[in-house]
Amino acid sequence: MGSSRFASYFGGVGQALSVRDYRIYWIGQLVSVQGTWMNRIAAGVLMYQITQSSGWLGAVAFVYFVPLVLVGPIAGAYADRIGHRRTAIGSLLVAVIIAFTMAGLTFYELMNPYLLCALIAIQGLGHAFDFPARQVLIQILVGRENMSAAIALNTTTFNGAAFTGPAICAAVLSYGETIMGDTAPALCFAIYGFGSVWFIISLLRIRARDQARQVTGVARLYQDVKEGFAYIRDHETIRTILVYWVIASFLVRAYVDLLPGFAASVFDSGVEGLGILLAASGAGALVLSVFMALRGRTEGLPHLLVASVVIDAVAILIFATTPNFWVATSCMVIAGGFIVTAAISAQTLVQSTVALDYRGRVLAVYLSLVPSAQSIGSFIIGWVAEWTGLRWGVAAGAVGTLFASVVWGPSIWRRAHEIEAQAVGPIGPGGHAAAHAAPHGSETPSKPVA
């Protein structure tokens with residue numbers, strides 16, 4: 001009775017959190033993601049303390065990112081064979097070891113930039129296995145009927161941590177400097193390690209269990225990766241949504257990384273202006289991710305995906321061309337909110353329509369391509385902006401996104417009812433036969449072994 005009453009009061013969020021296993025998972029995630037942000041910021045602080053170089057700061061981001069792109073699809077195939085819960089636990093154990101190693105080396109002043117980059121690269125490798133496994137676990141724990149709400153809740157948690165994590169990190173570093181000096185980042189690394197331990201305990205407590213391990217090997221994993229890409233190619237819904245969202249991420253999400261340039265050279269508002277723009281974008285993202293979590297339905301997501309991308313592109317176009325700082329700030333609220341709405345819609349639709357045996361591989365490709373598209377887009381649009389100016393570079397990306405919406409948007413819009421039916425209908429376990437049948441959602445699902 002209590003669970004059903006909670007669900008009725010809080011919509012999709014209540015429905016997802018009324019599931020015991022997902023509730024345990026989410027609490028573990030809530031703690032862990034604070035440490036993830038703290039680790040990320042502390043690594044940059046430590047690198048700059050050691051080198052006083054912005055180039056080395058870029059290197060930290062680069063070495064973390066590369067494993068996510070290169071290893072992600074293989075990691076997804078591995079998780080499909082070994083088990084998603086096992087893969088997540090194993091990856092978190094790596095995170096714990098690396099976090100406490102970084103804390104120890106920092107505390108004893110043994111860290112150097114090469115060693116820090118190497119350890120961050122190992123963290124990126126572990127996350128390449130961890131991220132897709134965690135996303136698949138969401139569906140296993142809550143079922144497809146509650147997955148939209150669960151994904152939105154996870155996104156809300158991440159966006160909330162984007163505020164709270166850095167704030168906690170700043171407080172810890174400030175306190176740590178009074179007693180530890182420049183070795184204060186060691187505290188943040190240690191907190192990240194303890195947060196990962198907490199999440200491991202959470203995963204051990206959930207009742208859902210993986211299926212039996214399947215045979216793995218280099219040849220088998222290579223074949224699985226090939227089958228995963230072939231599955232995406234042959235699945236009209238996943239292929240169309242993935243292409244559309246990757247292009248939109250490439251063209252329009254770059255604004256986040258280019259905001260320092262806008263604050264400094266376009267609006268002449270400095271660090272204070274940058275803080276306002278970032279806060280506006282984050283506030284919009286937080287509000288609409290909460291809305292999506294409370295909404296908690298798959299119905300309407302195809303239309304919402306296309307509309308959100310179009311609204312976001314228009315907001316970015318106005319932001320790039322307006323001379324008024326407060327109009328630009330308002331555009332940031334809209335852009336931040338609708339980019340998150342589009343992200344939740346795209347991921348939910350992909351995850352709702354993929355066959356069971358392909359979940360890890362497809363999610364790994366998704367989680368590899370979308371962030372890489374944003375990063376590459378930031379680099380290219382930033383380079384173009386060197387010649388055209390920031391305004392025209394970002395505006396061109398927004399116009400390109402609107403053009404992509406004209407090309408791919410109508411297909412998603414017209415097929416909305418068909419896509420929604422795939423998202424709520426049964427999907428088979430896959431295999432060679434199901435690789436072609438599964439995109440139409442016509443087979444009976446298999447359940448994890450309890």
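The values are calculated or read from the model by the stated rules, or taken from the named source; none is laboratory data. Fair warning: this is a prediction, and the values are worked out from it, not measured in the lab. FYI the Cβ positions are ideal-geometry reconstructions off the backbone, even for glycines, and counts take in every protein chain you see.
Structural remarks
- Region 276-293 residues that are within 13 Å of residue 345 (Cα to Cα), paired with ones that are buried (at least 21 other Cβ atoms within 10 Å of the Cβ) and at pLDDT 80 or above (beta carbon under 7 Å, 6 or more apart): 288/337; 288/338; 288/340; 288/341; 289/340; 289/344; 292/341; 292/344
- Applying a threshold of 9 Å to beta carbon distances and a minimum spacing of six or more residues, or different chains, the list of pairs starting in region 226-249 at a residue that is among the aliphatic types (A, V, I, L, M) and surrounded by fewer than 16 Cβ atoms within 10 Å (Cβ to Cβ) and ending at one that is at pLDDT 85 or above and in a helix (DSSP H, G or I) reads 243/404; 243/408.
- Residue satisfying all of: in region 252-265; in a helix (DSSP H, G or I) and of a type in the set (A, V, I, L, M, F, W, C); surrounded by the fewest Cβ atoms within 10 Å (Cβ to Cβ) among these: 264
- Taken over region 200-251, the residue count meeting the criterion of being at pLDDT 70 or above and outside any helix (DSSP H, G or I) is 4.
- Within region 130-167, the set of residues being modelled with pLDDT under 75, under 22 Å from residue 192 (Cβ atoms) and aliphatic (A, V, I, L, M) comprises 161, 162, 167.
- Close Cβ contacts (under 7 Å, 6 or more residues apart or on different chains) running from residues in region 45-70 that are farther than 16 Å from residue 119 by Cα to residues that are modelled with pLDDT of 75 or more and surrounded by fewer than 18 Cβ atoms within 10 Å (Cβ to Cβ) comprise 49/182; 51/113.
- So residue 174, is it assigned to a helix (DSSP H, G or I) and modelled with pLDDT of 85 or more: no
- Test: residue 20 is in contact (Cβ under 8 Å) with a residue 12 or more places away in the chain and touching an Asp or Glu at 6+ places or on another chain (Cβ under 6 Å): no
- Taken over region 349-388, the criterion of being small (Gly, Ala, Ser) and either within 20 Å of residue 84 (Cβ to Cβ) or modelled with pLDDT of 80 or more (or both) is satisfied by 352, 355, 360, 364, 368.
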